[in-house]
Amino acid sequence: MAGCFITFEGGEGAGKSTQIGRLKTRLEQLGQPVLVTREPGGSPHAEEVRAFILGGHAKHLGPFAEALLFAAARIDHLDKTIIPALRSGTHVLCDRFADSTRAYQGSVSNLDKGLIDQLETVTLRGVKPDLTFILDLPAETGLARAGARQAGKGEGADRFEKEDLSFHQSLRQAYLSIARAEPRRCVVINADQASEEVETAIWAALRERLPQMVQAAVRPLDVA
Ligand code: Z5A
């Protein structure tokens, strides 16, 4: 693919959206083409599935059925949004991706790992992130941040935010375990610090892992 595919993962309130916005700004200042997207969602049909799941309508079906719904949304997201962007040379910054299924449905909800592996294989069809930032912080801190943001907007908790503290603590360990298993793809970032410091750590890791992204983009020469 001509563009780079970067995913952001972590627990509630880890600061993924904040950091994706900051990275997008930095890359665009260099003339790099960037698309920001999210999961679940990121294409019209996948956004419909998002509303269904986060509204809590799939919870009674159990974690495997939820994983299938996330996978269905991911197939559409890949086909309609991610793959066309990467092929055209646009870098894709995605808020959550397949690691969220591994962490939320696989590890925390105790789905069989082999089942998750098979589902991932048929869903991704070989498309893997070039780099994944795992924003790590204590579950209590992330939940407090997410709660404060919701209170400010007058919103309620969604399907997963309603889970108890031990769920979110297990989630943190699940993400750290993914990072240990795939150190070439995953970078753990300490998200329990000021946004500016998190941004600096992400930029440093990007410079090291994907140096071609942190240079001014080469534009075609104007031909007189
Ligand atoms: N899910 C799943 O189970 N399986 C799957 O396969 C997929 C998803 C793909 C999607 O939720 C849910 O779906 C998710 C997992 C599940 N669980 N939940 N809930 P979502 O998309 O609605 O929300 P989220 O992905 O969990 O993100 P978030 O909670 O909105 O947080 P965030 O994007 O990581 O953080 P933020 O919005 O940038 O920051 C949160 C607040 O903290 C905000 O007020 C910021 O101003 C503040 N903030 C950010 N950084 C800092 C720092 N450094 N210091 C202090 N305050 C900060």
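The values are calculated or read from the model by the stated rules, or taken from the named source; none is laboratory data. Values in this document were obtained by computation on a predicted structure and should not be read as measured data. Heads up, the Cβs are rebuilt from the backbone with ideal geometry, glycines too, and the neighbour counts pull from every protein chain shown. The accessibility values were calculated without ligands, DNA or RNA, using every heavy atom of the protein model including side chains. Shrake-Rupley method; radii C 1.70, N 1.55, O 1.52, S 1.80 Å.
Annotations for the structure displayed:
- The C-alpha atoms of the chain define a longest principal axis, and helix 44-54 lies at about 30 degrees to it.
- Once you divide the Cα radius of gyration of the range 23-96 by 2.2 N^0.38 Å, the number left is 1.27.
- On Cα atoms only, tilt of 16-29 relative to the major axis of the chain in degrees: 10
- Ordered from highest to lowest accessible area with the whole protein assembly present and a 1.4 Å probe, 113, 16, 162 read as 162, 113, 16.
- Heavy-atom accessible surface of the chain, averaged per residue, reaches 49 Å², computed with a 1.4 Å probe.
- Close lysine pairs were tallied over the chain: pairs 8 or more places apart or on different chains with Cα atoms under 28 Å apart number 20.
- For the chain, the longest principal axis of the Cα atoms and the long axis of helix 165-181 meet at an angle of about 40 degrees.
- Computed about the Cα centre, the dipole magnitude for the chain is approximately 400 debye when only Lys and Arg (+1) and Asp and Glu (-1) carry charge, each at its Cβ.
- Heavy-atom accessible surface of the chain: percent carbon and sulfur, 1.4 Å: 54
- Taking the alpha carbon gyration tensor of the chain, multiplying each eigenvalue by 5 and rooting it gives semi-axes of 28, 21, 17 Å, largest first.
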